[in-house]
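These notes concern the structure reproduced below.
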Amino acid sequence: MNLLQLTDDEILTEIGTRLRRYRLEGNTTQAELARRAGISLRTLGNMETGRDVQLGTVIRVLRALGRLDSLDAFLPEAGVSPMELLRSRGRPRQRAGRPRHG
């Protein structure tokens, strides 16, 4: 599946579908997962059907599923290029540069 070709709503639906599969792989009911995640059953149902929920809620559910490591695949830590290290003299970048025109 190429996520780049999907709308935001389609991506939310895919995330919900994947979270539901994780839950079912663990043989966990919606009620049990909602309790462990500290969210309402309705919120979990909304999430699994592709409704927009807060990112904090997704994190709670992933933690309750034991799948918090999925966030590394979702948003890997940004690396620093060797050239950027040389330019910054080893200090981490604090802000974006000005756009170049021309």
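Read-outs throughout are calculated quantities, based only on the coordinates presented, and are distinct from any laboratory measurement. Every value quoted in this text rests on a predicted model; they were computed, and no experiment measured them. Ideal geometry is used to build each Cβ from the backbone, glycine not excepted, and the neighbour counts take in all protein chains shown.
At a glance:
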{"quantity": "Added length on full extension, which subtracts the Cα-Cα distance from 0.36 nm per residue, LEU41 to ARG67", "calculated": "7.4 nm"}
{"quantity": "Rounded FRET efficiency, nearest 0.05, which uses the C-beta distance separating LEU3 from THR28 and R0 of 25 Å", "calculated": "0.45"}
{"quantity": "Calculated FRET value between ARG18 and GLU77, using beta carbons and R₀ = 22 Å, to 0.05", "calculated": "0.50"}
{"quantity": "For segment 3-74: relative contact order, % (alpha-carbon pairs under 8 angstrom, 6 or more apart)", "calculated": "35 percent"}
{"quantity": "If the convex hull is drawn through the Cα atoms of segment 3-74, its volume per residue in Å³", "calculated": "79 Å³"}
